[in-house]
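These notes are about the structure you will find just below.
The values are calculated or read from the model by the stated rules, or taken from the named source; none is laboratory data. Note that the structure is predicted; figures quoted are calculated from it, not measured. FYI the Cβ positions are ideal-geometry reconstructions off the backbone, even for glycines, and counts take in every protein chain you see. Surface accessibility is based on the protein's heavy atoms, side chains included, excluding ligands, DNA and RNA. Shrake-Rupley method; radii C 1.70, N 1.55, O 1.52, S 1.80 Å.
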Amino acid sequence: MSDDTGGGRGGFHTDLGFVLAAAGSAVGLGNIWKFPYNTGEYGGGAFVLVYLGCIALVGLPLLYGEMIIGRRGGKDVLSSMAALTAQSGIAGTLATWGVGLLAVGSGFFILSFYAVVAGWALHFVALSVGLASANPAGSEATFTALAGDGPLSAWWHTVFMVLVVLVVAAGVQSGIERACKILMPALMGILLLLLAYVSVTGGLGSSLSFLFRPDFSKLSAEAVLEALGHAFFTLSLGMGAMVTYGSYLASDRHVVRDQLAVALLDTAIALLAGLVIFAVVFSMGAEPGAGPGLVFITLPDLFRQIPGGGVVSLAFFLLLVVAAWSSGISLLEVVVALAVDRFGWSRRMAAIGIGILIWGLGLPSAFSGEFLDFMDNLTTRYMLPIGGFLIALSAGWLLSKEDREAGFAALPGGGTSLATTWTFTIRFITPALVLLVILNGLGLF
Ligand code: PFF
């Protein structure tokens, strides 16, 4: 299959390339920044258990649903939905436009604030190599000075957006696939090195029991709903990112295997990142429940006190940047694919033009923490769950049986019982659980 940076589509060259790109989308700030601080805030093991349940009941079924819609539709999220739900009349049209609009909106909104947080991680890389200097008053002051400095945040936000646009403009195969084939192994290598480090320096035992020994007295209804929302964010679901990547697959053959691999990688990397972070936290007798500042304040504080802290800090923030980069690429690709497939733009023009618009939309987040939180909440609590709800209903009820089950049918033995289990889950269980999140988001409980 040939790649194309002009008006044509291109596609992934190898199956491994697809898995690494999709895992690259899934593994991001959600895993290394959000998951650990959520776990810390909601008391550890019980939150982890509920999150794992949400991955199984909502994440996995939707991941297959999105990938098969893209694979069978063969186009951007809007065109794929339109093609596969055409026989369903008005319901198909409504679902198509609902999902398409939410996808474009989420692509713009998420990437706009995501690039600001990723930019902070870039600043910490610069700090680790001595290209920037820390505030002598300590880690909290360093982070506050960065997050409160609009032009500085905007500068790093710009650097990150340029990195993302460069890859997407280069094409699916020579940009996205090539980058992820380097970034993902690098990410796993850095994470394993950090794991080796903490297994020597201690704290691993307390970290393990914090993550895996559930204390249900700490489990609130809010924690359950937070875990469900996080399942969407961390697997890049609800806005057609996996539809878009699925559309670059050449056959139905490995969809089931690939989606399992992506979900496993995403979950394993979140757990390992949590293990490393809490090992450092506990070995220094620090607080796990520090909230969003866990990674940007607590950790740098600890890095300054541990042996070899400078190198560990560099490795950690590189990990964060690499993870965010491959996710940012997929966020931009959702909108770029739509402009290319639907409106016939050239890939390069689409990547640059849309990148500039998203960059502009990110400026308010660079200058205001409240605006950043607003964008984060709007997308994570409302837009992704609503998009996921519509996609689940479409995959379960509007697709033809042949399209819907194509990935299972390609399994040796025909995968009939798996297909039946999946269809039941995506029709009833997934939408019901997602509806709970949305209603909670609207404050109805
Ligand atoms: N999954 C990414 C993370 O965990 O950081 C965030 C994300 C990427 C969400 C792409 C949605 C998306 F389409």
**Study point:** Filter result for the condition that a residue is touching a helix residue (DSSP H, G or I) at 6+ places or on another chain (Cβ under 7 Å) and over 29 Å from Asn377 (Cβ atoms), over Ala115, Ala147, Ala134
**Key:** Ala134
Exercise for review: Return the residue satisfying two criteria in turn: it lies in the range 79-104 and is within 12 Å of the ligand (Cβ to nearest atom) and of a type outside the set (Val, Ile, Thr), and of such residues it is nearest to the chain's Cα centre (by Cα).
Suggested key: Ala103
Practice item. Tally the residues that are β-branched (Val, Ile, Thr) and in contact with a Phe, Trp or Tyr (Cβ under 7 Å, 6 or more places away or on another chain), restricting the search to the range 256-280. Key: 1
Study note, to complete from the structure: When Ser174 is run through (1) open to solvent by 30 Å² or more (accessible area, probe 1.4 Å); (2) within 30 Å of Pro307 (Cα to Cα), the failure sits at (2)
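Conditions tested, residue by residue: (1) in contact (Cβ under 8 Å) with a residue 60 or more places away in the chain; (2) within 22 Å of the chain's Cα centre (by Cα).
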{"position": "Phe343", "(1), (2)": "no, no"}
{"position": "Trp359", "(1), (2)": "yes, yes"}
{"position": "Asp373", "(1), (2)": "no, yes"}
{"position": "Asp376", "(1), (2)": "yes, yes"}
{"position": "Glu402", "(1), (2)": "no, no"}
Check your understanding: If a residue has to be of a type in the set (Val, Ile, Thr) and under 21 Å from Arg253 (Cβ atoms) to count, how many in the range 15-33 make the cut?
Key -> 1
Check your understanding: Can you find even one residue in the range 321-340 that is aromatic (Phe, Trp, Tyr), part of a helix (DSSP H, G or I) and surrounded by fewer than 22 Cβ atoms within 10 Å (Cβ to Cβ)?
Key -> no
Exercise for review: Just give me the residues in the range 296-317 being open to solvent by 30 Å² or more (accessible area, probe 1.4 Å) and either farther than 27 Å from Thr234 by Cα or within 16 Å of the ligand (Cβ to nearest atom) (or both), in sequence order.
Suggested key: Arg304, Gln305, Pro307, Gly308, Gly310, Val311
Check your understanding: In this structure, does Ile356 turn out to be open to solvent by 50 Å² or more (accessible area, probe 1.4 Å), β-branched (Val, Ile, Thr) and closer than 25 Å to Arg9 by Cα?
Key -> yes
Check your understanding: Only one residue in Ala395, Ala406, Ala366 is touching a Ser or Thr at 6+ places or on another chain (Cβ under 7 Å) and either open to solvent by less than 50 Å² (accessible area, probe 1.4 Å) or farther than 19 Å from Leu228 by Cα (or both), so which one is that?
Key -> Ala366
Review point. Within the range 211-227, can you find the residues that are surrounded by 18 or more Cβ atoms within 10 Å (Cβ to Cβ) and either within 16 Å of the ligand (Cβ to nearest atom) or within 23 Å of Phe282 (Cα to Cα) (or both)?
Key: Leu211, Leu219, Ala223, Glu226, Ala227
Exercise for review: State whether the residues of the range 136-157 include one that is closer than 30 Å to Ser247 by Cβ and part of a helix (DSSP H, G or I).
Suggested key: yes
Check your understanding: Any residue at all in the range 293-305 that is in contact (Cβ under 8 Å) with a residue 12 or more places away in the chain, closer than 30 Å to Leu435 by Cα and of a type in the set (Val, Ile, Thr)?
Key -> no
Revision key, fill the gap. Conditions (1) small (Gly, Ala, Ser); (2) on the phi < 0 side of the Ramachandran plot; (3) modelled with pLDDT of 95 or more -> Gly74 fails only (2)
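Condition check ((1) at pLDDT 90 or above; (2) open to solvent by 10 Å² or more (accessible area, probe 1.4 Å); (3) outside any helix (DSSP H, G or I)) across all residues:
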site	(1), (2), (3)
Phe233	yes, yes, no
Ser236	yes, yes, yes
Asp258	yes, no, no
Leu265	yes, yes, no
Ala286	no, yes, yes
**Study point:** Failed item, numbered, when Glu140 is tested on (1) under 26 Å from the mean Cα position of the chain (by Cα); (2) in contact (Cβ under 8 Å) with a residue 60 or more places away in the chain
**Key:** (1)
Review point. Which of the residues spanning the range 396-421 are part of a helix (DSSP H, G or I) and touching an Asp or Glu at 6+ places or on another chain (Cβ under 8 Å)?
Key: Ala406, Gly407, Ala409, Ala419
Check your understanding: Restricting the search to the range 136-169, which residues are modelled with pLDDT under 95 and open to solvent by less than 40 Å² (accessible area, probe 1.4 Å)?
Key -> Gly138, Ser139, Ala141, Thr142, Phe143, Leu146, Ala147
Study note, to complete from the structure: Only unsatisfied item for His254, checking (1) more than 17 Å from His230 (Cα to Cα); (2) open to solvent by less than 20 Å² (accessible area, probe 1.4 Å), is (2)
Practice item. Looking only at the range 228-252, count how many residues are of a type in the set (S, T, N, Q), under 14 Å from the mean Cα position of the chain (by Cα) and more than 10 Å from the ligand (Cβ to nearest atom). Key: 0
Review point. For the range 330-345, does any single residue satisfy the condition of being at negative phi and touching a His at 6+ places or on another chain (Cβ under 8 Å)?
Key: no
Revision key, fill the gap. Quick count over the range 409-445, residues being among the aromatic types (Phe, Trp, Tyr) and open to solvent by less than 10 Å² (accessible area, probe 1.4 Å), is 0
Exercise for review: Looking only at the range 97-120, decide whether some residue is of a type in the set (Gly, Ala, Ser), farther than 20 Å from Gly355 by Cβ and not in a helix (DSSP H, G or I).
Suggested key: no
